[in-house]
Amino acid sequence: MALYAIGDLHLAGQTKVKAPMQRSSKVWKNHEKKLKDNCRRLIHPDDTLVLVGDHSWGRKLEECELDFQYIESLPGRKILLRGNHDMFWEAKKTAKLNAMFAGKLEFLQGNFYTYKDYALIGTKGYCYEGLDTPEHAASLVRREAGRLQISFELARQAGFRKFIMFLHYPPTNIYERSSIFTKMAEMYGAEQVVYAHCHGKARFHDSIRGRKNGILYSLVSGDCLNWEPQKILP
Ligand SMILES: [Fe+2]
Ligand SMILES: [Fe+2]
């Protein structure tokens, strides 16, 4: 039994959308096959795989059907976190998605799931990337920090004291050494923070990687891992 994570599949079964990075970079060539082969080699039926956001280019659920079929076909239990490109997923409709996909997929956003005696905490997160005003970014960070706190508190109320924290966005932007997200991870005693979103070698070190203040930070975007899910816990 093991817990794995990988993010940013950016599937396009129906939409056939290809971002520039997907057209020009060798690592993206046949990435769906590379990931499926790696999952079949590594992941057993009793393992858990957390997919750390940016699942599909589909903007509506109907445009994601083939992508969900692909994800469902991967081995093990699958937990999906919300990414910035997951337009099919409105934050308020997470419970509805969980009902729709009951028994097949689980959707992590402001709720929590469990793995052994750990609570798996998660929300999309946010960090300033120069694409909006600092004020707007600050308001999104506050909203996401609130959702993260709800996730931690629900798990604490359920009796959990061991946490793995998942964010789609990096926990800090390129100007920060810490953030409300790293502080919350420290305050609640998360053992690990797992995030994705960063694509291309130039961005793999935009945020914290490795151990800081006793917490292990991992970037698990698919192109960074060359489509091999990372083992988070045995
Ligand atoms: Fe992405
Ligand atoms: Fe993203």
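The table below gives the values:
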quantity	calculated
Filter result (in a strand (DSSP E or B) and either within 19 Å of residue 7 (Cβ to Cβ) or more than 20 Å from the chain's Cα centre (by Cα) (or both)) within the range 119-165	120, 121, 122, 123, 163, 164, 165
Residues of the range 176-195 classified as farther than 20 Å from residue 138 by Cα and not in a helix (DSSP H, G or I), total	6
Residue within the range 218-226 that is of a type in the set (Val, Ile, Thr) and away from ligand 1 (no atom under 16 Å from the Cβ) present	no
Selected residue (only one of 209, 161, 203, 147 is away from ligand 2 (no atom under 16 Å from the Cβ), without any contact (Cβ under 8 Å) to a residue 24 or more places away in the chain and on the phi < 0 side of the Ramachandran plot)	209
Residue identified as among the charged types (D, E, K, R) and closer than 14 Å to residue 167 by Cβ among 143, 40	143
The one condition in (1) assigned to a loop (DSSP other than H, G, I, E, B); (2) within 23 Å of residue 164 (Cβ to Cβ); (3) among the aliphatic types (A, V, I, L, M) that residue 79 fails to fulfil	(1)
Long-range neighbours under 9 Å by Cβ, at least six apart or interchain, first residue under 17 Å from residue 58 (Cα atoms) within the range 86-106, second surrounded by 15 or more Cβ atoms within 10 Å (Cβ to Cβ) and hydroxyl-bearing (Ser, Thr, Tyr)	86/56; 87/56; 88/56; 91/123
Selection count, the range 61-90, where residues are within 16 Å of ligand 1 (Cβ to nearest atom), among the aliphatic types (A, V, I, L, M) and closer than 23 Å to residue 43 by Cα	3
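Only the coordinates and a few stated rules stand behind these numbers; no lab work does. In this text, all values refer to a predicted model and were calculated from it rather than measured experimentally. Note that each Cβ is placed from the backbone with ideal geometry, even for glycine, and that neighbours are counted across all protein chains shown.
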